[in-house]
Each structure stands twice: as structure tokens, then as C-alpha cells.
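The values are calculated or read from the model by the stated rules, or taken from the named source; none is laboratory data. Only a predicted model underlies this, so the values are computations on that prediction, with no experimental measurement involved. Here the Cβ positions follow ideal geometry from the backbone for every residue, glycine too, while neighbour counts run over all protein chains shown.
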Amino acid sequence: MSKKKIKKPKKRMPIRKSNTYEKFYVQKDKKEDFIDIIDLINHLDDVTDIETLKAVYAAYNSPVSPLYDLSKADAVLERLLNVGDVYVCVGKGIELFEAGKREEAFPYLQKGAIRQDSAAQFYCGLYFNFKEEYQKAAFYFEEAAKQGFASACFNAFVLYHTNEVVKDLKKAQYYLNQSLHYHHSRTINLAWQLNLQQPLDHRDDQAALEALEFDINFGDKMKLYELEYTYVVADMTDEKFFALLEKIPKDNINVQRRLAECYLYGIGTKSNPCRALSYYKRFPHDLMAKMLIKYMDVNDPLGSMMKAAKKNKASCYVVGKMFMLGSYGEVDFEKAKMYLEKGMSKKYPFVTNALGHIYLHEDHDYQKARELLEKDQLLLKESEDLMRLRDLYTLYAKGLGVEKNENKALSHTNCLNIHKAFEMLEG
């Protein structure tokens with residue numbers, strides 16, 4: 001007859017100095033001496049120290065402890081709550097919730113939520129969301145969001161944006177931007193679009209710019225389209241545009257073109273003809289680049305291009321824009337207009353764009369500005385004249401010389417979508 005195999009008992013927590021429950025020693029902290037839990041339990045009514053109560057709770061709560069007793073563990077939890085420590089209670093609630101035991105978890109989470117613990121409030125929100133009690137879910141998400149709990153902000157946004165029971169786009173946008181403020185990872189890609197390009201409730205340029213800046217600095221750096229769009233329609237300075245442009249990967253030819261223009265004319269940065277030429281040399285088949293490489297002296301950019309302007313119209317555009325922006329000296333609109341008018345050509349629509357810019361911002365002749373800016377222009381596959389798009393947007397968005405029309409203003413950004421499509425096809 002075979003002997004029945006005897007199972008070894010589970011290994012339990014070490015009991016020092018005794019194998020009975022008369023003495024049971026544990027450590028509150030690795031750096032501290034062992035304490036006698038049995039002695040503490042016998043005088044538990046007198047114990048108010050949080051760390052000591054945690055040690056007693058651990059002895060009752062651990063399945064491998066000889067003192068394992070969940071009802072007594074819960075009683076100690078109540079003591080911990082009464083002396084101001086909610087973390088053990090909330091921790092147990094979260095542990096149960098993550099294990100799929102939501103009903104068991106809720107009483108612990110609720111105790112933490114009552115005491116304004118943000119993690120407990122967040123999990124209470126999840127609990128009611130699972131139960132499809134969306135009003136209560138929204139309440140708890142909002143309570144946690146007030147304390148800066150990023151995931152609660154994001155969940156409140158999702159709930160108010162997508163759930164028909166509590167749908168509120170104004171609140172959705174508020175919590176979207178709150179989660180952006182606390183840098184919730186899933187918000188960054190949404191915040192730019194839902195604040196600027198397709199606003200949930202209203203346009204918030206500042207929030208869109210914050211999202212774009214964070215994304216370029218820490219996330220998906222290839223955001224040229226978003227940067228150009230923001231520059232055209234929002235109140236973005238040249239300095240901010242250039243600072244963000246420089247952080248976008250420079251292996252993109254359109255980024256190189258933008259940087260070349262910024263360095264040549266001093267847009268958002270100090271003029272630097274050497275760096276400008278270093279970029280223009282990367283696309284030698286471009287007519288403007290060829291002309292600059294041939295004629296511009298980096299030691300005297302304005303003077304050398306003024307000499308070249310006697311020979312070709314493209315140089316007139318460069319000189320006119322240098323005077324218009326004060327790239328290498330003082331701004332001189334009269335000289336700018338003189339050179340630009342001399343350089344008028346169907347080959348170089350940028351010339352009429354620059355003239356339109358002067359009529360808009362300096363002369364305030366809105367009709368003349370619009371005539372020049374809206375002249376038929378070929379779609380440039382490489383890049384679009386952002387100054388022109390920005391001026392056209394300004395005319396229609398502000399109603400300068402025309403009826404105010406936001407849709408018409410935004411229509412001038414469509415070509416940026418086409419350029420983005422070109423990039424995707426080439427990528």
C-alpha cells in the first residue's frame with residue numbers, strides 16, 4: 001500500500017523567540033528593530049502611531065502571516081483612517097480593483113474619496129463608469145481633477161466629449177486643456193487639433209500653442225504642418241515660430257527652405273547670410289537658390305544683391321524684402337516698394353505677396369493689398385509663402401476692407417494640407 005504524499009505547509013512569516021502567538025516579531029522599517037506585534041495588539045487601544053498601526057495591519061492582512069484575519073485588518077484600517085492615514089486603505093482598494101474585484105474594492109475607495117484622496121476619487125469614477133452611472137463617474141473624475149490628477153482630467157474629457165448622457169463640449173474642452181496642463185501623454189496629440197483646427201467648443205490659440213510646443217520639444221517632432229498652420233491663423237510671433245522650427249528634424253527639405261528664409265531675412269532670428277546660403281545650396285535646382293548662390297556676397301548681402309538687382313528681377317525681390325524687414329539695416333518701406341515693383345514677374349509671385357504685405361500693414365490700403373495677395377499663383381510644390389497666407393487670413397478674419405468671414409479666412413490654409421499630402425507621398 002503506497003504512502004499518501006504529505007504536503008508541506010506554506011511558509012509563513014518568521015516568528016522569533018517563540019513558536020506560539022505569545023510573541024510575534026515584525027519590522028516596521030528595515031532600519032528599525034523588530035517589534036512585538038502581540039504586545040501591541042494587547043494594547044492596541046493606546047496605539048496612535050501610524051507606522052505602528054501599519055505594522056499591525058500588515059500582520060493581519062498578509063495571507064502568509066500566522067495572524068491573518070481580514071476582519072481584524074479592516075478594523076485596523078479604520079484606526080488608520082481615524083488618525084489621518086488613507087493610503088493603506090486606498091492602496092487596498094486599488095489593488096482589488098485592478099484584480100477585477102470592483103465590488104470588493106469600492107468600500108475602500110469610497111472611504112478614501114470621502115477623505116479627498118485623488119487616487120480614490122479617480123478609481124471611484126472608473127467604478128461608476130463601469131456601472132454606466134455616468135453622472136456619478138463624471139463627479140468623481142472632476143473631484144480628482146481639481147487636485148491635478150492627470151488621468152482624471154483626461155477621463156473627464158473623454159466622458160464629456162463622447163458620452164451622450166453627460167455630453168458637454170465646453171466641459172470637454174476644459175478638461176482636455178487641464179490634462180494638457182498636467183502633461184497627460186494621450187492628450188498632446190489631440191489638444192492642438194481640438195483647440196485650433198477643429199475646436200470642440202471654442203478656439204483656444206494659447207492651449208493649441210502649448211500642445212504644439214510640448215509635442216515638438218518632447219514628442220513627435222515632425223510637426224511642420226501644424227507649426228505653419230498655427231503661424232498663419234494664430235497670434236504666433238516670428239521668434240516663437242523660428243524657435244520651434246529649429247527643433248523640427250532638418251532632414252526635411254521644407255524645413256530647410258523655411259530655415260534658409262529665416263536666416264536670409266532675419267525672420268525670428270538674427271540675419272545670418274552664411275547659414276542661409278548653406279541651406280540654399282542643398283536645393284541648387286531652385287531658381288531663387290541659384291540666383292542667391294551666384295550673386296550674394298555674405299560679407300555684404302544687401303549691397304551685393306542691389307548690384308544684382310540691376311540685372312534680374314529675382315534679385316529685386318530679395319532686396320525689396322530685405323528693406324521691408326530691415327534685415328541688414330533700418331526698415332525702409334519706400335525703397336522696399338521701389339525694388340518690389342521693379343521685380344514684378346509672373347515667375348516670382350512672392351514679389352506681389354511682399355507688396356501686398358506692405359499695403360496691408362504699412363499703408364492700410366486693404367483693397368490694394370487684397371488685389372495683390374489674391375492674384376493667381378501657381379501652387380509651389382516645395383513650400384507656400386506663409387506671409388501671404390497669414391495676410392490673407394488677417395484680411396478676412398478681421399474684416400479689413402471685406403466682410404468678416406472666418407471660413408473664407410481659413411480656406412487659405414488649404415494649400416498647407418496639399419503640401420502635407422506631398423510630404424506623406426514622398427515619405
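Number of residues in the range 343-364 that are surrounded by 14 or more Cβ atoms within 10 Å (Cβ to Cβ) and either modelled with pLDDT of 95 or more or small (G, A, S) (or both): the value is 10.
Annotation: G329 fulfils all but one of (1) of a type in the set (G, A, S); (2) part of a helix (DSSP H, G or I); (3) surrounded by fewer than 20 Cβ atoms within 10 Å (Cβ to Cβ); the unmet one is (2). Just a yes or no: is a residue in the range 309-326 without any contact (Cβ under 8 Å) to a residue 40 or more places away in the chain, on the phi < 0 side of the Ramachandran plot, part of a helix (DSSP H, G or I) and surrounded by fewer than 22 Cβ atoms within 10 Å (Cβ to Cβ)? For the range 309-326, residues without any contact (Cβ under 8 Å) to a residue 40 or more places away in the chain, on the phi < 0 side of the Ramachandran plot, part of a helix (DSSP H, G or I) and surrounded by fewer than 22 Cβ atoms within 10 Å (Cβ to Cβ): present. Just to be sure, is Q147 surrounded by fewer than 24 Cβ atoms within 10 Å (Cβ to Cβ), touching a residue at least 24 places away in the same chain (Cβ under 8 Å) and at positive phi? No; evaluated as a whole, the condition is false for this residue.
From the list E341, E374, E330, E362, the one residue that fits, being without any contact (Cβ under 8 Å) to a residue 12 or more places away in the chain and not β-branched (V, I, T), is E330. Only residues that are farther than 22 Å from Q198 by Cβ and not in a helix (DSSP H, G or I) were counted in the range 224-247, giving 3. Scanning the range 250-302 for residues that are touching a residue at least 24 places away in the same chain (Cβ under 8 Å), among the aromatic types (F, W, Y) and either closer than 25 Å to D332 by Cβ or in a helix (DSSP H, G or I) (or both) turns up just one, Y265. Kindly indicate whether Q367 is farther than 27 Å from C274 by Cβ, of a type in the set (S, T, N, Q) and either modelled with pLDDT under 95 or in contact with a strand residue (DSSP E or B) (Cβ under 8 Å, 6 or more places away or on another chain) (or both). Here the answer is no, as Q367 does not meet what is asked. In the range 217-236, the count of residues that are basic (K, R), farther than 30 Å from K136 by Cα and touching a Ser or Thr at 6+ places or on another chain (Cβ under 7 Å) is zero.
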